[in-house]
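The values are calculated or read from the model by the stated rules, or taken from the named source; none is laboratory data. Quick caveat: nothing in here was measured; it's all calculated off a predicted structure. Every residue, glycine among them, receives a Cβ derived from its backbone with ideal geometry; neighbour counts consider all protein chains shown. Heads up: the accessible areas ignore ligands, DNA and RNA and are worked out on the full protein's heavy atoms, side chains in. Shrake-Rupley method; radii C 1.70, N 1.55, O 1.52, S 1.80 Å.
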Amino acid sequence: MAVDPQVGAAVADAHRREWAFVLAATVRVTRDLDLAEECVQDAYARALATWGPNGVPSNTGAWLTTTARRRALDLLRRQATAARALPLLVETNTDEGADLGREERLVGAEIGDERLRLVFICCHPTLSRDAQVALTLRLLCGLSTAEVARAFLVSESTMAARITRAKKKITQARIPYRVPAREELPDRVTSVCEVVHLLFTTGHAAPTGAELIRRDLVERALDLARMLRTLLPASADVTGLLALILLTDARRGARLDAHGQLVLLADQNRARWDHDAITEGVALVREALRRRPPGRFALMAAIAAVHDEADSWDATDWREIVGLYDLLVALWPSPVVALNRAVAVGFADGPAAGLDALDPLATEPQLAAYSYLAASRAEFLARLGRTRDARTAYEEALLLTENTIERDYLTQRLDQLQK
């Protein structure tokens with residue numbers, strides 16, 4: 001049966017906005033990640049079938065949560081041995097009727113949000129760092145396996161296997177997930193910050209689809225960063241992360257023109273930037289940088305601040321940016337950071353220097369399917385007048401790009417070179 005377009009749109013909107021709340025609430029009933037995800041998916045399927053005849057409920061999140069939890073309770077009642085067979089995700093006291101243990105009630109009240117609570121639960125130190133981040137993005141944030149894979153720069157099959165292994169480890173090792181006590185929180189902060197940062201970057205530059213920005217993911221990441229800041233105000237990583245998100249997202253209003261076409265940073269109307277967010281972000285950067293040595297989120301935020309505080313593209317202090325990237329590469333030797341540093345070198349010292357810095361990265365496996373490497377080479381080659389090589393690089397970038405707006409921009413640049 002065909003789905004009413006309005007119902008389909010309402011369910012899609014509820015998936016973007018409510019998935020995390022619904023899943024977190026259902027996990028507290030099932031105490032099992034796979035079962036909770038199954039029940040939540042079933043609730044969304046029932047919404048597609050029932051919202052048409054009955055109308056879209058005024059509170060879609062409450063409807064979905066109630067439906068998912070009822071489904072979970074029904075399944076648990078049918079399985080008399082479920083309480084013994086399923087891994088306990090939340091430790092409870094045997095002498096209380098509530099579904100929270102005493103420790104979780106105390107610390108959970110401070111966290112104050114089911115999404116953030118589940119982030120900390122998924123970031124258990126027994127799991128590898130990649131598994132923690134991938135599992136949280138998949139389960140808590142509702143990203144597809146393909147989207148998580150793009151965030152990690154790996155294939156979808158590799159990411160699917162990674163997520164499956166993480167779930168199996170939870171079941172087989174009977175990892176007793178619980179909300180961490182306050183003294184345990186700092187050990188989990190790095191993983192949680194990575195989750196929020198990857199969530200933001202996936203929303204800031206959507207890897208697929210017809211939209212450049214997924215506002216729901218960006219806003220969800222900003223909300224989580226603010227909650228972390230409230231919970232752990234002394235953490236330099238949390239402070240730097242919130243600053244980075246604010247300073248980067250401050251340019252959102254200028255990233256597309258009136259026709260929905262991509263506008264590069266060099267051409268953006270800086271009057272359209274969110275200057276209140278920039279002021280807040282710069283203050284947070286200064287606070288984070290007072291810690292020695294500065295962390296990677298503080299350094300990334302400092303780079304964003306240099307861009308945001310420049311009056312124009314020509315006034316950008318590229319030497320300072322390269323220096324900050326040097327510190328960041330030493331602290332966090334990531335191929336993507338090396339790529340961004342190479343681009344900065346190209347603007348500081350000229351396109352030939354930029355190409356020299358980019359060339360060694362061509363053999364990096366993690367960048368093999370990363371379109372920005374080819375696009376950056378294409379821009380420098382075009383500036384050097386090497387038109388044929390630039391066209392080849394743009395064609396390579398197009399093959400690796402799945403976002404419609406970015407593809408339109410690359411196609412336009414390629415057409416300009418062919419005239």
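Helix 335-349 against the longest principal axis of the chain: what's the angle in degrees, Cα atoms only, rounded to the nearest 10?
Roughly 30 degrees between the two axes.
Considering only protein heavy atoms, what is the solvent-accessible area of Phe120 at a probe of 1.4 Å, reported in Å² to the nearest 10?
Around 0 Å² of this residue is reachable by solvent.
Pull out the extension gain between Gln172 and Ala45, defined as 0.36 nm times the separation in residues minus the alpha carbon to alpha carbon distance; nm, one decimal.
On the way: separation 127, 0.36 × 127 = 45.72 nm, distance 2.94 nm.
Computed gain between Gln172 and Ala45 is 42.8 nm.
Using a 7 Å offset from the Cα along the Cα-to-Cβ direction at both Arg165 and Asp356, what is the distance between the two label points in nm, to one decimal?
Placing both labels 7 Å beyond Cα along the Cβ direction yields 4.0 nm.
For the chain, find the longest principal axis of its Cα atoms and tell me its angle to the long axis of helix 185-204, 0 to 90°, nearest 10.
Helix 185-204 and the main axis of the chain meet at about 60 degrees.
With a 1.4 Å probe and every protein chain left in place, work out the accessible area per residue of the chain in Å², rounded to a whole number. Don't skip to the answer; put the middle values down first.
Working: 19570 Å² over 419 residues.
With the other protein chains kept in place, the chain gives 47 Å² per residue.
Taking the alpha-carbon centroid of each part, what is the distance from the stretch 341-388 to the stretch 183-249 in angstrom?
So the separation of the two Cα centres works out to 28 Å.
For the chain, what is the calculated [θ] at 222 nm in deg cm²/dmol (nearest 500), taking -39500 (n - 2.57) for each run of four or more DSSP H residues and dividing by its residue count?
Details: 20 runs with 286 residues, N = 419.
So the calculated ellipticity at 222 nm is -22000 deg cm²/dmol.
Can you give me the long-range amide H partners of Leu256? Hydrogens built in the peptide plane at 1.01 Å from N, cutoff under 5 Å, separation of 5 or more residues or another chain.
Those lying under 5 Å, H to H, from Leu256 are Val263.
Multiplying the sequence separation of Gln6 and Leu384 by 0.36 nm and subtracting their Cα-Cα distance, what value in nm do you get? Intermediate results must be reported in sequence, preceding the final value.
On the way: separation 378, 0.36 × 378 = 136.08 nm, distance 5.09 nm.
Extending this stretch completely gives an extra 131.0 nm.
Between Val238, Ala221, Val154, whose Cα lies farthest towards the positive end of the dipole of the stretch 127-256 when Lys and Arg beta carbons carry +1 and Asp and Glu beta carbons carry -1, centred on the Cα centre?
With unit charges placed on the Cβ atoms, the residue in question is Val154.
What angle do you read, to the nearest 10 degrees and between 0 and 90, between the alpha-carbon axis of helix 387-400 and the longest principal axis of the chain?
It is inclined by approximately 0 degrees.
Relative contact order for the stretch 115-243: what is it in percent, counting Cα pairs under 8 Å that are at least 6 residues apart?
23 percent
Ordering Arg272, Arg71 by accessible area with a probe of 1.4 Å, largest first, what comes out? Each step should come with its number before you reach the end.
Working: Arg272 125, Arg71 75 Å².
Correct descending sequence by accessible area is Arg272, Arg71.
If you count only protein heavy atoms and use a 1.4 Å probe, how large is the accessible surface of Glu395, to the nearest 10 Å²?
Roughly 90 Å² of Glu395 is accessible to a 1.4 Å probe.
When the Kirkwood hydrodynamic radius is evaluated over all pairs of different C-alpha atoms of the stretch 239-331, what value in angstrom, to one decimal, is obtained? Before the final figure, lay out each step's value.
Details: mean 1/r = 0.0739 Å⁻¹.
About 13.5 Å, per the Kirkwood formula over Cα pairs.
By what distance, in whole Å, do the Cα atoms of the stretch 163-240 stretch along each of the three principal axes, largest value first?
Rounded to whole Å, the extents work out to 41, 35, 15 Å.
Using a 1.4 Å probe over the heavy atoms of the protein chains, calculate the carbon and sulfur portion of the accessible area of the chain as a whole percent. Present the calculation step by step, with values, prior to reporting the outcome.
Values: 9830 of 19570 Å².
Ligands and nucleic acids excluded, carbon and sulfur give 50 percent.
Pairs of Cα atoms under 8 Å, at least six residues apart: use those to get the relative contact order of the chain, whole percent. Write down the numbers at each step before the final one.
Values: 561 pairs, mean separation 46.6, N = 419.
For the chain, the relative contact order is 11 percent.
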